[in-house]
Amino acid sequence: MKHCFAISAYGESPYLEECIRSLRGQSVRTRVILCTSTPNDLIRELAGRYALPLYIREGASSLHADWNFAVETAVRETEAELVTVAHQDDIYHRDYVKALQAAWMAFF
């Protein structure tokens, strides 16, 4: 199972770094990318600090378009079979990917 977290970041969220830490702290390694339609210094700085690929969507921000961009980018850039769109204020249990992987294996 190829999985990727695609963080959909907007503006300057004080929670973004905590979200990134929860994704990087998964008990099963997975890819993490950062996507935004509102690039700014905070998003760029955190992408650099955590060595996350940063993808910027051109055009007006919209939840629908931004989340679709995150999914499409994750599939194209990481060849993910499963994509979890993480909002910038989401925190994930460290075994989220482990449980997702077990469910995937049970189904397939």
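The values are calculated or read from the model by the stated rules, or taken from the named source; none is laboratory data. Every value quoted in this text rests on a predicted model; they were computed, and no experiment measured them. Neighbour counts run over all protein chains shown; Cβ positions are idealised from the backbone, glycine included. Only protein heavy atoms, including side chains, enter the accessible area calculation; ligands, DNA and RNA are left aside. Shrake-Rupley method; radii C 1.70, N 1.55, O 1.52, S 1.80 Å.
Under the condition of being of a type in the set (Asp, Glu) and within 13 Å of the chain's Cα centre (by Cα), which residue from the stretch 2-47 is farthest from ALA60 (Cα to Cα)?
The residue in question is GLU18.
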*Can you name every residue in the stretch 82-91 that is at pLDDT 95 or above and open to solvent by less than 40 Å² (accessible area, probe 1.4 Å)?*
THR84, VAL85, ALA86
*Give the number of residues within the stretch 4-18 that are more than 13 Å from THR84 (Cα to Cα) and in contact (Cβ under 8 Å) with a residue 12 or more places away in the chain.*
9
*What are the residues in the stretch 52-70 that are at positive phi and either touching a His at 6+ places or on another chain (Cβ under 6 Å) or in contact (Cβ under 8 Å) with a residue 40 or more places away in the chain (or both), if any?*
none
*If you go through the stretch 75-95, how many residues are under 14 Å from SER8 (Cα atoms), among the polar types (S, T, N, Q) and touching a Cys at 6+ places or on another chain (Cβ under 7 Å)?*
1
_Residue in the stretch 54-74 that is more than 18 Å from SER13 (Cα to Cα), open to solvent by 40 Å² or more (accessible area, probe 1.4 Å) and acidic (Asp, Glu) present_ = yes
